[in-house]
Amino acid sequence: MGRKTANLVLGGAFGKPSIVVDTHFARLARRFGWTAHTDPDKIEHDVAALLPQREWTAASYRVIWHGRRVCHARRPACGACGVARWCPSFGTGPTDEAIARKLVKTGSFS
Ligand code: SF4
């Protein structure tokens with residue numbers, strides 16, 4: 001079992017605080033300025049130093065969800081982003097709200 005999966009199980013099933021660094025989390029952590037690294041272990045280390053341990057699991061799920069829905073790899077929907085005012089990467093994607101809204105993905109994700 002890989003580290004990402006192990007952390008997912010620990011956080012989701014057993015309530016042990018864990019940071020889940022998948023491709024979405026890694027991208028958003030860099031866009032938020034939480035890390036400059038691309039290596040998942042280094043990203044996890046940097047984020048662990050920033051966030052209180054009790055927030056790790058919930059923050060992981062929220063960040064991954066936001067990455068799937070709004071902050072996409074190629075065209076993030078900056079103009080429709082709820083955390084835009086705090087994001088140092090605002091403007092990476094379209095900032096026009098009407099254009100950005102069309103980029104937001106809805107529905108369930110597996
Ligand atoms: S402002 Fe843009 S880059 Fe920043 S989190 Fe939102 S969608 Fe992503």
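Details
- Restricting the first member to the stretch 42-70 and to residues that are within 18 Å of LYS16 (Cα to Cα) and away from the ligand (no atom under 16 Å from the Cβ), and the second to residues that are of a type in the set (Phe, Trp, Tyr) and part of a helix (DSSP H, G or I), the beta-carbon pairs closer than 8 Å and six or more apart or on different chains are ALA48/TRP56.
- Residue within the stretch 73-83 that is within 15 Å of the ligand (Cβ to nearest atom), in a helix (DSSP H, G or I) and within 18 Å of GLY2 (Cβ to Cβ) present: no
- Residue count, the stretch 31-66 (criterion: hydroxyl-bearing (Ser, Thr, Tyr) and exposed (fewer than 14 other Cβ atoms within 10 Å of the Cβ)): 1
- Selection within the stretch 1-44 - modelled with pLDDT of 95 or more and in a loop (DSSP other than H, G, I, E, B): ILE19, VAL21, ASP22, PHE32, GLY33, TRP34, THR35, ALA36, HIS37, THR38, ASP39
The values are calculated or read from the model by the stated rules, or taken from the named source; none is laboratory data. Everything numeric here is computed off the predicted structure, so don't read it as measured data. Cβ atoms come from the backbone with ideal geometry, glycine included; neighbour counts cover every protein chain shown.
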